[in-house]
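Enquirer: Below is one structure. I have some questions about it.
The values are calculated or read from the model by the stated rules, or taken from the named source; none is laboratory data. Since the model is a prediction, treat every value here as computed from it, not as a measurement. When we count neighbours, we look across all protein chains shown, and the Cβ atoms used for this are built from the backbone with ideal geometry, even at glycine. Accessible surface areas use protein heavy atoms only, side chains included; no ligands, DNA or RNA. Shrake-Rupley method; radii C 1.70, N 1.55, O 1.52, S 1.80 Å.
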Amino acid sequence: MEEHAVMRLFERWHRHGDEQALQEGLPWLERWLLLPPDIVRVLGQEAAEEIRAQVIEKLLLEKQSALFKAEQPRAFARATLKHRLLDALRRQARMPDVHEPGVAEDLAAETLAHSVPDVVTRLHEAQLWQRLVQAVGSLRLEERVALLLLHAPDRLLEEDWRELEGRHRPPRPFRPADAISRDDIAALLFPGTPERVAYERTGKLIQRAYARLRQQLAVPSGSAGEEPS
């Protein structure tokens, strides 16, 4: 399909909420964003797929996305993915290899050289952690589950997992021990839903969860004015 015809599908989805248009357009966008095998070998399949998923989400869900203004949307989408992959490669290249002689010792020495946090700092960190726990707990079930499966599956409450598990016919899914991709989260949250629709719904859930967390964790007025990291 010609690239501007693909963009017309996405515009129809944006303006009129036409899910069928989204389902027709997504496979074409994914064909534009093929992952280079050499980069996949370096980053790993899961990490590379996650970056591509984030790029697709950014291109389609970001307000006033530049994709919809680009004269050559396919080239723009590919350039966006390329930059994100290169950033990931640069970050990985900067990570020290602890298997190299002396690196582990240097890291340990640097860590031990830092002073122990004072009582005020430790109390502040504990308060921030408590606020984060409360904020995550206040999210809707699907938002909370999506966010935790993406970042910290071990923090997922047993009752939340049972609720999610109950949506599936036997055999029931295994509870993940490690963070999983958005595709897998979508399959867990919306069994029986077309993959593209489930993926898009999951992306929106995660975006809403992030927005609500940012709102609830905002530093009170009169302080530094920054969100806690």
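Enquirer: Go through (1) open to solvent by 70 Å² or more (accessible area, probe 1.4 Å); (2) outside any loop (DSSP other than H, G, I, E, B) one by one and return the number of the condition Tyr199 breaks.
Expert: Against the list (1) open to solvent by 70 Å² or more (accessible area, probe 1.4 Å); (2) outside any loop (DSSP other than H, G, I, E, B), Tyr199 comes up short only on (1).
Enquirer: What number of residues within region 44-60 are assigned to a helix (DSSP H, G or I) and open to solvent by less than 30 Å² (accessible area, probe 1.4 Å)?
Expert: 8
Enquirer: Can I ask one more? Among (1) at pLDDT below 70; (2) more than 30 Å from Ser65 (Cβ to Cβ); (3) not hydrophobic (A, V, I, L, M, F, W, C), which single condition is His168 missing?
Expert: All conditions pass for His168, except number (1).
Enquirer: Condition first: surrounded by 15 or more Cβ atoms within 10 Å (Cβ to Cβ) and assigned to a helix (DSSP H, G or I). Now tell me which residues in region 12-29 satisfy that.
Expert: Answer for region 12-29, where residues must be surrounded by 15 or more Cβ atoms within 10 Å (Cβ to Cβ) and assigned to a helix (DSSP H, G or I): Arg12, Trp13, His14, Ala21, Leu22, Gln23, Glu24, Gly25, Leu26, Trp28, Leu29.
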